[in-house]
1. Of the residues that make up segment 127-139, is at least one touching a residue at least 40 places away in the same chain (Cβ under 8 Å), crowded, with 17+ Cβ neighbours inside 10 Å and at positive phi?
2. Quick check, is VAL183 crowded, with 21+ Cβ neighbours inside 10 Å, within 20 Å of the chain's Cα centre (by Cα) and in a helix (DSSP H, G or I)?
3. Quick one: how many residues across segment 17-55 are hydrophobic (A, V, I, L, M, F, W, C) and over 20 Å from the mean Cα position of the chain (by Cα)?
4. Consider VAL208 carefully, then state whether it is in a strand (DSSP E or B) and in contact with a Ser or Thr (Cβ under 6 Å, 6 or more places away or on another chain).
5. Which one of GLN195, GLN199 is assigned to a helix (DSSP H, G or I), free of Cβ contacts under 8 Å to residues at least 12 places away in the same chain, out of contact with any strand residue (DSSP E or B) (no Cβ under 9 Å at 6 or more places or on another chain) and not β-branched (Val, Ile, Thr)?
6. Give the residues of segment 200-249 that are closer than 21 Å to PHE319 by Cβ and among the hydroxyl-bearing types (Ser, Thr, Tyr), sorted by residue number.
7. I'm trying to understand the selection: among the residues of segment 248-273, which are part of a loop (DSSP other than H, G, I, E, B), at pLDDT 95 or above and in contact with a helix residue (DSSP H, G or I) (Cβ under 6 Å, 6 or more places away or on another chain)?
8. Pairs please, first residue from segment 323-344 and closer than 14 Å to SER209 by Cα and touching a residue at least 24 places away in the same chain (Cβ under 8 Å), second anywhere and buried (at least 21 other Cβ atoms within 10 Å of the Cβ) and of a type in the set (S, T, N, Q), Cβ atoms under 8 Å, 6+ apart in sequence or on different chains.
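The values are calculated or read from the model by the stated rules, or taken from the named source; none is laboratory data. Small disclaimer: the values here were computed from a predicted structure and weren't measured. Backbone-built Cβ (ideal geometry, glycine too); neighbour counts: all protein chains shown.
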Amino acid sequence: MGAETLLTNGEARVQLEAKVPVILGLQPAALIDHVARVDLSLLDQIPGERGGSIPVAIEELEHILSELKKHILASADDLSPMKTMAGGSVANTIRGLSSGLGVNCGMIGAFGDDEQGQLFVSNMSISGVNISRLRKKNGPTAQCVCLVDALGNRTMRPCLSTAVKVQADELTQEDFSGSKWLVLRYGIFNLEVIQAAIQFAKQEGVSVSLDLASFEMVRNFREPLLQLLESGDIDLCFANEDEARELLRGRQNADPEAALEYLSKYCRWAVVTLGPNGCIAKHGKELMTGQLNFLCQIVRVPAIGEAKAVDATGAGDLFAGGFLYGLVKGLSLEECCKVGSCSGGSVIRSLGGEVTPENWQWMYKQMQVKGLSLPDIRN
């Protein structure tokens, strides 16, 4: 068989599955991030726009990694100038929800039978994530090099083409049964498995959250994305400012407010993050006692001014985690945005998409200042 479940010990499986994950993340391919702060001369040598994410072959990824030592920027804030960890937008969100916000979470996807695959599994497991829905396959695990400049902006070059991933026909209804939310990231190469996952989720009464991934993904594969959004199957959508503009490209008004209005036509919750300017969010139509309530709520929440941006990697992912935490805890739209702002601010204070213990403590203090109840992290 080309794939096998991660755990074969029946007792261990029963123990892991005793608590059904409240939130599931679908990341078809497990991913390892190599994150480093580098000078601009290395970024000048790499094809493609700065700040974006363009797939590369394994040879190019290995070349970039080999050049890193010559271009790494020293930092007094980090013990290591480079960090290697489980990565990917969905993994960042799910890990943060589990380890820092105390929400019972699980991952659906596949990892390779290599060192990177074992690292991904170990990192997610240590963070308290239910890994029983991960499939082990013969082949390499995806990798991504994340290059961070002195201002905290990141340029990503993922190597995905040969990596193992879960296929649409490998998903089962049992993967989704009993959960409340499914977290997805838009990607044209994963569109088939995304659509299959959404179908299972809807059959099981699971709400669907979608992140728009990157401005390049929206720009280059806009039509399939619009079809996905306009299907009405997406309950919650996250877009950053650049993605929002690409979403409405060609229209007379393509600002974030217009994008929020568009998204709210099809999604119950729509959020557009504005970087240092915070976020805007809208809660649209809501089914109440059998009748449609057309009272819509729009909020604008500022970013946390005290956040020190070392690396923007994972900011949107952790914002989404904080917002979802608010939803499962029954918080108001404004409070959901405030928790998102706190959690998004926590991850940018150090390298990589994983929040350090010190920065979780920083986030809890910010939540207290804003009058938000702290999460029960005793899983």
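1. Within segment 127-139, one or more residues are touching a residue at least 40 places away in the same chain (Cβ under 8 Å), crowded, with 17+ Cβ neighbours inside 10 Å and at positive phi.
2. Numbers: crowded, with 21+ Cβ neighbours inside 10 Å: yes; within 20 Å of the chain's Cα centre (by Cα): yes; in a helix (DSSP H, G or I): no.
Judged against the criteria, VAL183 is not a match.
3. Of the residues in that region, 7 qualify.
4. Details: in a strand (DSSP E or B): yes; in contact with a Ser or Thr (Cβ under 6 Å, 6 or more places away or on another chain): no.
No: the conditions fail for VAL208.
5. Working: GLN195 fails: free of Cβ contacts under 8 Å to residues at least 12 places away in the same chain.
Testing whether each residue is assigned to a helix (DSSP H, G or I), free of Cβ contacts under 8 Å to residues at least 12 places away in the same chain, out of contact with any strand residue (DSSP E or B) (no Cβ under 9 Å at 6 or more places or on another chain) and not β-branched (Val, Ile, Thr) leaves just GLN199.
6. Passing the criteria: SER207, SER209, SER214.
7. Step one: filter segment 248-273 for residues part of a loop (DSSP other than H, G, I, E, B), giving 248-255, 267-268.
Now narrow it down to the ones that are at pLDDT 95 or above: 248, 267-268.
Hit for segment 248-273 is LEU248, nothing else.
8. Sorted first by the residue in segment 323-344, then by its partner, the pairs are LEU324/THR93; LEU324/SER209; TYR325/SER343.
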